[in-house]
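Undergrad: To start, I am sharing the structure in question, which I have written as structure tokens.
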Amino acid sequence: MLRQGLAEDWSTVGELFTDDEVPFARSLLNSVIVSVPQTLGQLVVCSLAGYGLARVPYRHASKVLYAVVATLMVPTAVTFVPSFVVVSSLGWLSDLRGLIVPGLFSALSVFLFRQYFLDFPLALEEAGRLDGLSRWGVFWRVVVPNSTGFIAAIAVIDFIGSWNQLLWPLIIAQDSSTWTVQVALSSLLTAQNPKITLLFAGAAVSILPVLLVFVLLQRHLVRGVTETGLKG
């Protein structure tokens with residue numbers, strides 16, 4: 001009976017990848033294509049923004065920070081209509097660019113990077129300036145190499161957030177060829193033909209990449225949150 005149960009379980013997974021109505025394998029690939037560039041883009045954009053707010057002398061830096069933090073209080077659904085209009089005008093509906101580009105900025109990541117860079121040792125930066133590096137060179141050749149643990153922690157947070165997106169991909173990915181894995185899972189649960197067994201199998205498969213990333217970088221996640229000065 002155990003062997004029969006295992007065989008049925010594996011057959012369910014096989015059925016998941018051969019379902020003609022839901023391109024699950026393609027959806028998994030799309031989620032990877034969206035999540036990886038989006039995570040890398042957020043790391044670059046948000047780290048530069050956070051470093052600028054923490055280190056570059058600018059009299060309106062605090063106002064910019066308040067504006068960035070204020071966006072965290074705006075419900076995501078409120079921005080869907082203007083974002084959809086922009087994406088539609090660019091012709092990015094049912095296009096992976098429409099899923100990737102709007103998510104290249106994260107106010108939370110900017111705030112966390114800024115908090116981290118405020119406590120980054122100034123002596124290291126000053127040593128880089130004495131060696132003739134510009135502010136840009138100090139950031140890339142001194143600050144970033146000495147912040148890999150924290151950057152990895154932010155990467156975990158950003159990747160999980162990007163992978164688990166549902167509402168925005170549901171609006172933009174109108175063609176099944178651009179579905180992400182979350183949209184594919186939602187399509188398995190319909191009022192007319194709910195596929196419960198496939199839904200649970202798909203959920204188990206879809207969580208594996210996130211679990212792998214978390215396991216590999218979990219120590220950096222704990223260390224990174226500690227280094228921001230935030231305590232649970």
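The values are calculated or read from the model by the stated rules, or taken from the named source; none is laboratory data. Since this is a predicted model, take the numbers as computed values, not measurements. Cβ coordinates were reconstructed from backbone atoms using ideal geometry, including for glycine residues, and neighbour counts include every protein chain displayed. Calculation scope for accessible area: heavy atoms of the full protein, side chains included, ligands and nucleic acids excluded. Shrake-Rupley method; radii C 1.70, N 1.55, O 1.52, S 1.80 Å.
Undergrad: Please report, in debye to the nearest 20, how large the charge dipole of the chain is about its Cα centre when each Lys and Arg carries +1 at its beta carbon and each Asp and Glu carries -1 there. Mind showing how you got there, number by number?
TA: Working: 14 positive and 14 negative charges, 190 e Å.
Approximately 920 debye in magnitude.
Undergrad: Measure nothing fancy, just the Cα-based angle from helix 196-227's long axis to the longest principal axis of the chain, in degrees from 0 to 90, nearest 10.
TA: That works out to roughly 10 degrees.
Undergrad: Heavy-atom accessible area per residue, the chain, 1.4 Å probe: how many Å²? Can you show the working numbers first?
TA: Values: 13300 Å² over 232 residues.
Solvent-accessible surface per residue comes out at 57 Å².
Undergrad: Ignoring everything except DSSP H segments at least 4 long, calculate the 222 nm mean residue ellipticity for the chain; use -39,500 (n - 2.57) per segment, divide by total residues, nearest 500.
TA: Working: 12 runs with 160 residues, N = 232.
Computed ellipticity for the chain at 222 nm equals -22000 deg cm²/dmol.
Undergrad: Arrange the peptides 138-149, 50-61 so that the one whose residues have, on average, the most other Cβ atoms within 10 Å appears first. Walk me through the numbers before you get to the answer.
TA: Values: 138-149: 16.0, 50-61: 14.5.
The packing order, highest mean first, is 138-149, 50-61.
Undergrad: Along the charge dipole of the chain, which of 92, 173, 43 sits closest to the positive end, that is, farthest toward it, with unit charges on the beta carbon of Lys, Arg, Asp and Glu (+1, +1, -1, -1)?
TA: 43
Undergrad: Can you pull the Rg over Rh of the chain, Cα-only, Kirkwood?
TA: On the way: Rg = 21.2 Å, Rh = 20.0 Å.
Rg/Rh for the chain comes to 1.06.
Undergrad: Same structure, new question: Tell me the Kirkwood hydrodynamic radius of region 95-175 in angstroms, computed as one over the mean inverse distance between distinct C-alpha pairs.
TA: Numbers: mean 1/r = 0.0667 Å⁻¹.
Mean inverse Cα-Cα distance, inverted, gives 15.0 Å.
Undergrad: All other residues with a Cβ under 13 Å from the Cβ of residue 125 taken together, and with Lys, Arg as +1 and Asp, Glu as -1, what is their net charge?
TA: Details: positive: 55, 129, 135, 141; negative: 119, 126, 131.
So the surrounding residues net to +1.
Undergrad: OK, next. Just the number, please: carbon plus sulfur as a percent of the accessible area of the chain, 1.4 Å probe, no ligands or DNA/RNA counted.
TA: For the chain, the apolar C and S fraction of the accessible surface comes to 67 percent.
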